[in-house]
Structure formats: structure tokens, C-alpha cells
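Okay, structure first, notes after.
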Amino acid sequence: MSAPATTTPTLDQDEAIRRNLEIASAFTMAVARNEELLAQIPDDVTIVFMPDDDPELCAYNRALAIQRIDEGRDVWVRRVKPGEFPPLPHLDHNPFDDEA
């Protein structure tokens, strides 16, 4: 039996997905600049980010990590320090809307 998460997640799933995608995208760009980051990740794991500056997302991701472990999956938890991965620039519009 797993230990319960120490903080109850307060984020809804859509917001947690949005925040995790921002971190994952920034991490992907960081890996493109430094392949040694990729070498740190074991094969066949679920990656869970724990951003120091987002306690709500940490609580949500902690619960997610525990759930995945309970399902028998291997989990790799990565602490993310503020500013460690520069945020991606945001587009003012969707470039796919321009296709006709």
C-alpha cells in the first residue's frame, strides 16, 4: 500500500495538463540543447515533473506518481527549479488557422 499524498491536489485535470505540457515542452527544448539531460532518464518510465514554484501542480503530480506506481509502472520524478528551463514563447494566434 502506498503512502497518501501529503497535500490534496486542488487543480482540475485540464489545468494540470496545461501546466505539465508547458514544463514538458520547455524540458524538450532543453534536451535539444543538452542531450545529457535525456541520458538521465531511464527507459520505459513515466516522467513526473515537480516544479518548485508550483505547489498545486506538485500536489497533483505527486498523487499522479503514486497512482502510476500503484498501477505497477516505473516512475521517474524530476524536480524543476524556477527558471531551470526557459519558458517557450507563446504565439498570439494559432498558425494552423492560416492554412486554407
(request) Tell me the label-point distance for the pair Lys81, Arg68, using the 7 Å Cα-to-Cβ offset, in nm and rounded to one decimal. (result) 2.3
(request) Kindly identify the stretch 13-88 as rounded, prolate or oblate by the Cα gyration tensor criterion: order the square roots of the eigenvalues as a ≥ b ≥ c, call it rounded if a/c is under 1.5, otherwise compare a/b with b/c, prolate if a/b is larger, else oblate. (result) oblate
(message) Assuming 0.36 nm per residue, please report the length gained on full extension of the stretch Leu38 to Asp53 beyond their Cα-Cα distance.
(response) 3.1 nm
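Just in the stretch 9-87: which trypsin sites (Lys or Arg not before Pro) are loop by DSSP and have at most 12 other Cβ atoms within 10 Å? Each step should come with its number before you reach the end.
Working: sites: Arg18, Arg19, Arg33, Arg62, Arg68, Arg73, Arg78, Arg79; in loops: Arg73.
Passing both the DSSP loop test and the Cβ count: Arg73.
May I ask you to list the GluC sites (Glu not before Pro) in the stretch 6-62 that are in a DSSP loop and have at most 15 other Cβ atoms within 10 Å of their Cβ? Could you put the intermediate results ahead of the total?
Working: sites: Glu15, Glu22, Glu35, Glu36, Glu56; in loops: Glu35.
Of the GluC sites (Glu not before Pro), the ones in loops of the stretch 6-62 whose Cβ has at most 15 other Cβ atoms within 10 Å are Glu35.
None of the figures in this text is laboratory data; all of them are computed from the coordinates on show. Bear in mind that the values here come from a model prediction, so they are computed numbers and not experimental data. So basically every Cβ, Gly included, is an ideal-geometry build from the backbone, and we count neighbours across all protein chains shown.
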